[in-house]
1. Name the residue that is surrounded by the most Cβ atoms within 10 Å (Cβ to Cβ), counting only residues in the range 101-115 that are in contact (Cβ under 8 Å) with a residue 40 or more places away in the chain and more than 28 Å from residue 80 (Cβ to Cβ).
2. Please go through the range 19-45 and pick out each residue that is in contact with a strand residue (DSSP E or B) (Cβ under 8 Å, 6 or more places away or on another chain), surrounded by fewer than 18 Cβ atoms within 10 Å (Cβ to Cβ) and without any contact (Cβ under 8 Å) to a residue 40 or more places away in the chain.
3. Looking only at the range 43-62, count every residue that is farther than 16 Å from residue 78 by Cα and touching a helix residue (DSSP H, G or I) at 6+ places or on another chain (Cβ under 8 Å) and tell me the total.
4. Just checking, which of 59, 27 is under 26 Å from residue 109 (Cβ atoms) and assigned by TED's automatic domain parsing to the domain that holds residue 91?
5. Restricting to the range 141-170, what's the tally of residues that are farther than 23 Å from residue 102 by Cβ and either in the same structural domain as residue 63 (by TED's automatic domain parsing) or surrounded by fewer than 14 Cβ atoms within 10 Å (Cβ to Cβ) (or both)?
6. Out of everything in the range 174-184 that is crowded, with 21+ Cβ neighbours inside 10 Å and in contact with a helix residue (DSSP H, G or I) (Cβ under 7 Å, 6 or more places away or on another chain), what residue ends up being nearest to residue 146 (Cα to Cα)?
7. At positive phi, at pLDDT below 95 and assigned by TED's automatic domain parsing to the domain that holds residue 174: does that describe residue 129?
8. For the structure I just gave you, tell me whether residue 84 is buried (at least 16 other Cβ atoms within 10 Å of the Cβ), under 16 Å from the mean Cα position of the chain (by Cα) and within 16 Å of residue 103 (Cβ to Cβ).
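The values are calculated or read from the model by the stated rules, or taken from the named source; none is laboratory data. Bear in mind that the values here come from a model prediction, so they are computed numbers and not experimental data. Using ideal geometry, Cβ is built from the backbone for each residue, glycine included, and neighbour counts are taken over all protein chains shown.
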C-alpha cells in the first residue's frame with residue numbers, strides 16, 4: 001500500500017461488503033463482479049490483501065495475495081472468491097451458508113525483510129498484534145496474518161514456530177540463518193455480524 005494512501009473506516013466497510021457481494025454473485029451465477037468506475041479508480045493502487053471467512057465453528061476459508069502485485073480493486077474480488085471456493089483445507093462454500101459467515105478483509109503493507117545478525121534478535125523485532133510474518137526457506141514459504149497470534153494468545157516465539165509449521169517446516173527452523181523472515185502490517189476490517 002503506498003505511503004500516501006490512507007484507508008478510512010468507510011473504505012473498510014466498503015471492502016468487506018465488496019468481498020461478500022463478490023462471493024454471493026459468484027456462487028449465485030458464476031460471474032465475477034466488477035466495481036463501478038469511481039470505486040475502481042479509488043482502489044486502483046497495488047496492495048496485498050487477504051479475505052478470511054469465519055462461521056460459528058471457526059475458520060471457513062482464507063486466501064489472499066501477500067505481495068502488492070494486484071490492484072486492490074481486483075485483488076479484493078479475486079481473494080474473496082478464492083477464500084470461498086479454492087481454500088484446499090475446506091470444501092467450497094455453498095450459497096445457503098453465507099448468512100452464517102462473517103467476512104474479514106486484511107489490507108497489507110508490502111513485506112519487509114527483517115535483518116538480524118543472530119536469529120534470537122527476531123524476538124525483539126517482531127510485535128504481536130502489529131506484524132504479520134512470512135517465512136521463506138528454499139522452496140517453502142508460510143504466511144500468518146497479524147491477527148492470528150492475537151486470536152490464539154501466542155508470544156513472538158510461538159508465532160515464529162507456527163509460521164514455520166505453516167510453511168511445512170520444523171517449528172524451530174526460524175533459528176536457521178539461511179531462513180528469510182519478512183514482516184508486514186495489516187489493516188483489518190471485519191463484519192460485526194454476518195452481513196453487517
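1. Keep residues of the range 101-115 that are in contact (Cβ under 8 Å) with a residue 40 or more places away in the chain, which gives 101-114.
Right, trim to more than 28 Å from residue 80 (Cβ to Cβ) and you get 113-114.
Numbers: 113: 11, 114: 15.
If we take residues in the range 101-115 being in contact (Cβ under 8 Å) with a residue 40 or more places away in the chain and more than 28 Å from residue 80 (Cβ to Cβ), then 114 is surrounded by the most Cβ atoms within 10 Å (Cβ to Cβ).
2. Residue satisfying the conditions is 44 alone.
3. 3
4. Working: 27 fails: under 26 Å from residue 109 (Cβ atoms).
When all the criteria are applied, what remains is 59.
5. 3
6. 181
7. Considered against the rule, which asks whether it is at positive phi, at pLDDT below 95 and assigned by TED's automatic domain parsing to the domain that holds residue 174, residue 129 comes out as yes.
8. Details: buried (at least 16 other Cβ atoms within 10 Å of the Cβ): yes; under 16 Å from the mean Cα position of the chain (by Cα): yes; within 16 Å of residue 103 (Cβ to Cβ): yes.
In short, yes.
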